[in-house]
Amino acid sequence: MPETPLPLDALHRRLGARMVPFAGHAMPLHYEGIVAEHRWTRLHASLFDVSHMGQLRLAGEGAAAFLETLAPGDFIGLRPGRMRYSLLLAEDGGILDDLMVTHMGDHLHLVVNGATKHADIAHIARHLPRGLELSHAETACLLALQGPEAAAALSALPLEPLVPGGPGVSGLRFLEAAPFLWEGARLVIHRSGYTGEDGFEITVPAGRATDLAEALLARPEVRPAGLGARDSLRLEAGLPLYGDDLSPKTEPVEAGLAFAISKRRKMEGGFPGAGRILSILLEGPARRRVGLRLEGRQPARKGALILAGETPVGCVTSGGWSPTLEAAIAMGYVASGSAADHTPLAIEVRGRRLPAVVVPLPFVPHRTIR
């Protein structure tokens, strides 16, 4: 199936990106190199094109209550300008996708994963009651500006808040969002990201995406970064990736995502798989997602077997080299009896058993502005 070019395709190629197929699009894997881009993000600020993600608009009276029938978050209590991480759940409580939900005043803005966006749209549409409207913002791009100097770089642009009395960019806290006007274009700026660093995700009309990207890249503290650095950063941050660490065979508690089930929903239930999930919350899961640090430089990849002595206890779901820690790290699911911090295990890689130990997540502390 041919890859659909994203609006910034020509810019990526002009900047020398190595392009790869991803989620039905041609996407930049890296420009200068994955490790260099990873380290620049940790020290300064990097611009990622994440326009492959699905941006959905859910509008109409009762939109929040409807979304609560599909996901375990408290959306009725979500205040305008606030964001919430949540999960689309199957009837048995399996995870269909993870997503961000933002209350934009007159509608809910949903950001879903690129590889699952069409399935997510179909799933939501199947359950959509009369009077509610679901639309896919196919003409909007999503840029992620991530790193400790992201706020300074973004604040240097001539941004005009569109909410009277609303905060400027630097006044946004983690998981807050607001609309701004930039050189005639309406942007929605979310203080969020998937790197563990402070940063922003910016919704921009496709026709102005190149202009905005070039304006940000003109700042000395900002460089472009690709999928490779985004993945190594999110791994260090202990953040699960849908399709690797999360799937319909995974439920929220074992995935370490019980926080996505809001307090009121734990009391009331009413979300898909509530009976099963609330029971697991009380009794504990049979397996857990854990962090693993390996001896030596050889990384373990998705699918590698995890053993306690001679007994298989789980499987790696994400793994790679950590440029920050200069160590091989991984995440995976192991039987709960082998999930305690400091538990010695082994991972089978290319016929060798590499010593590993369970370590707390995240591997690298988050530096979000709360």
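Residues that are crowded, with 19+ Cβ neighbours inside 10 Å and closer than 15 Å to residue 235 by Cα within region 302-319 comprise 316, 317, 318, 319, listed in sequence order. Right, residue 334: touching a Cys at 6+ places or on another chain (Cβ under 9 Å), at pLDDT 95 or above and not aromatic (Phe, Trp, Tyr) or not? Judged against the criteria, residue 334 is a match.
Here the condition is being in contact with a helix residue (DSSP H, G or I) (Cβ under 7 Å, 6 or more places away or on another chain) and under 26 Å from residue 120 (Cβ atoms); of 193, 243, 238, 256, it holds for 243 alone. Only a single item in (1) out of contact with any Lys or Arg (no Cβ under 9 Å at 6 or more places or on another chain); (2) in a loop (DSSP other than H, G, I, E, B); (3) closer than 27 Å to residue 268 by Cβ is not met by residue 73, and it is number (1).
Residues in region 350-370 that are in contact with a strand residue (DSSP E or B) (Cβ under 9 Å, 6 or more places away or on another chain), outside any strand (DSSP E or B) and not β-branched (Val, Ile, Thr): 360, 361, 362, 363.
Set side by side, the residues 229, 260 differ, and just one is surrounded by 14 or more Cβ atoms within 10 Å (Cβ to Cβ), under 25 Å from residue 93 (Cα atoms) and not basic (Lys, Arg), which is 260.
The requirement of being of a type outside the set (D, E, K, R), surrounded by 16 or more Cβ atoms within 10 Å (Cβ to Cβ), more than 24 Å from residue 278 (Cα to Cα) and without any contact (Cβ under 8 Å) to a residue 40 or more places away in the chain is fulfilled somewhere in region 4-22, by at least one residue.
Please verify whether region 339-349 includes one or more residues that are at pLDDT 95 or above, under 18 Å from residue 240 (Cβ atoms) and part of a strand (DSSP E or B). Checked region 339-349: no residue is at pLDDT 95 or above, under 18 Å from residue 240 (Cβ atoms) and part of a strand (DSSP E or B).
The values are calculated or read from the model by the stated rules, or taken from the named source; none is laboratory data. None of these values were measured; they are calculated from a predicted model. Don't worry about glycine lacking a Cβ; one is built from the backbone with ideal geometry, like all the others, and counts go over all protein chains shown.
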